[in-house]
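Participant: My questions all concern the structure below.
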Amino acid sequence: MTRPDTDEISGLAALLAGFAGRRVLCVGDVMIDRSIYGEVKRISPEAPVPVVRIVRESNELGGAGNVVRNLAALGARCAFVTTIGDDRAGREISNLLARLTDVEPYVRVSRQRETTVKTRFFSIDGHHLLRADRETVATLSESDMDDLARAVAAQTADAEAVILSDYGKGMLTGTLAAVTIAAARKAGKPVIVDPKGTDYSRYRGATIITPNRSELAEATGMPVDGDAAIVAAAQKLRAEIGVGAVLVTRSGEGMTLVSESGAHHLAAETREVADVTGAGDTVVATLTLVLACGAALTSAAQLANVAAGIVVGRHGTAVATPQEIAATMRQSGQASADQKIAARPEAIMRVMDWRRQGLKVGFTNGCFDLLHPGHVSLLRQARGACDRLVVGLNSDASVKRLKGETRPVQNEDARAAVMASLAPVDLVVVFGEDTPLELIEALRPDVLVKGADYSKAQVVGGDLVESYGGKVLLAELVPSHSTTATIAAMKTARK
């Protein structure tokens with residue numbers, strides 16, 4: 001299996017800049033991906049099953065909705081044609097779609113259907129315990145199909161590429177797939193299909209389809225236990241349904257692209273697989289945007305492979321950004337600075353990954369406006385007490401509330417970039433509250449570190465951390481160093 005060389009990496013990275021503003025039409029089954037996390041400390045006396053004390057839960061767009069999330073994260077604009085039930089979950093999907101500013105949803109509300117909800121239960125350290133599905137699996141009614149077909153026809157002309165995201169719930173098992181492909185071909189737009197089921201004839205005429213290995217075996221009835229077998233099955237599928245190419249996703253073994261020009265095997269781009277949920281959605285979104293930029297299938301597959309490597313290293317349905325993809329391609333073993341900066345949801349997932357690996361997670365926080373030797377000493381001591389150190393960084397607004405209108409001297413982006421460039425720091429998370437308590441509650445660090453100018457009773461979140469067995473560490477101070485003193489000295493020097 002191959003990986004891109006240095007020249008290829010430069011070319012692929014240049015493609016990422018072309019993602020911004022690309023318009024994609026996505027048609028497919030939307031759902032809610034609900035993740036529930038809890039502590040598991042005992043077995044139920046009623047049956048031999050674990051008792052889960054729920055600590056946290058999250059709801060995300062799933063199915064074709066996760067494709068849309070990935071497109072938005074990659075900088076594209078998206079028209080999304082889908083259907084929901086007339087129920088609470090359907091309204092929740094509408095609310096989640098409304099938060100994606102670059103997505104134009106065309107949603108058919110069907111009173112004959114129940115909105116799909118997939119609920120996954122995890123232990124607090126990320127182990128998958130159970131999945132429960134609530135859904136309707138049936139072909140859409142003729143009136144629903146006609147309404148969706150009209151929406152597809154109206155949006156195809158403006159799209160640069162079209163995605164069919166088939167999750168087998170009934171939206172694309174009727175005539176809509178064929179109608180969409182025909183409209184796209186007439187308009188000269190590439191069609192990328194994430195397939196489902198055994199009858200792939202409805203995808204006839206697509207540019208490329210992206211089955212995983214088990215889906216390929218199910219669709220062809222052929223063995224897929226090795227490179228040669230996968231290529232043979234993909235060639236058969238390509239010939240039978242008349243598609244331009246087949247990209248087989250192989251989880252921890254990478255991907256295989258089979259097209260008119262032959263077969264290309266791509267090595268996996270992740271060191272450890274945490275969760276493959278939604279990885280196919282990331283592949284489809286990335287693949288589509290590269291093709292929309294006019295690049296070759298091989299380049300599209302290579303970038304999609306890198307993006308997949310990012311999301312399978314995380315728990316739950318995740319997305320990859322152009323910045324993360326670029327950083328991963330130039331990564332040489334240690335995380336680059338821009339990879340260390342994360343929003344709160346991503347930070348939670350990274351901390352869970354570290355914990356699952358048996359790593360001790362530390363946390364400290366501050367404004368870190370002008371970095372001085374006292375800060376460096378604090379960070380070194382904090383990192384010495386743990387395996388991975390998370391720094392909570394006050395946002396500009398919270399610094400201003402705490403320190404006054406003249407602060408911060410540097411904005412939060414600059415402060416985060418400086419903090420992320422330091423070797424002791426593994427992750428930087430900006431928080432907008434006056435105290436880091438909510439962030440500490442979300443991350444649940446094993447070690448909480450503050451300077452010795454605090455007492456343990458004064459450390460925000462200290463009682464919480466100790467309540468679940470964590471430790472509060474008061475770091476020794478370096479005398480005569482503070483940001484306030486540094487700013488005062490600068491003002492004096494100007495006079």
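Participant: Which of the residue pairs K450/K471; K400/K471; K360/K471; K403/K450; K403/K471 have a Cα-Cα distance greater than 20 Å in the structure shown?
Facilitator: K400/K471; K403/K471
Participant: Determine which aspartates and glutamates satisfy two conditions relative to K340: a Cα distance under 13 Å, and not lying fewer than 8 residues away in the same chain.
Facilitator: The reachable aspartates and glutamates, counting only those whose Cα sits under 13 Å from K340, are E324, D413, D426.
Participant: Can you tell me the orientation of helix 279-292 relative to the chain, as the angle in degrees between its alpha-carbon axis and the longest Cα principal axis, to the nearest 10?
Facilitator: Tilt of helix 279-292: around 70 degrees.
Participant: Subtracting the Cα-Cα distance from 0.36 nm times the residue separation, let me have the gained length for A239 to A157 in nm, one decimal.
Facilitator: Contour length minus the Cα-Cα distance gives 26.7 nm.
Participant: When we measure straight from the Cα of K169, which lysines land under 21 angstrom away, once same-chain ones fewer than 8 places off are left out?
Facilitator: Qualifying lysines at Cα under 21 Å: K118, K196.
Participant: In what sequence do C78, C26 fall when counting other Cβ within 10 Å, fewest first?
Facilitator: With the sparsest Cβ surroundings first, the list reads C78, C26.
Bear in mind that the values in this text are calculations on the coordinates, not laboratory data. The shown structure was predicted, so the numbers you read here are calculated from the model rather than taken from an experiment. Reconstructed Cβ throughout: ideal geometry from the backbone, glycine too, with neighbour counts over all protein chains shown.
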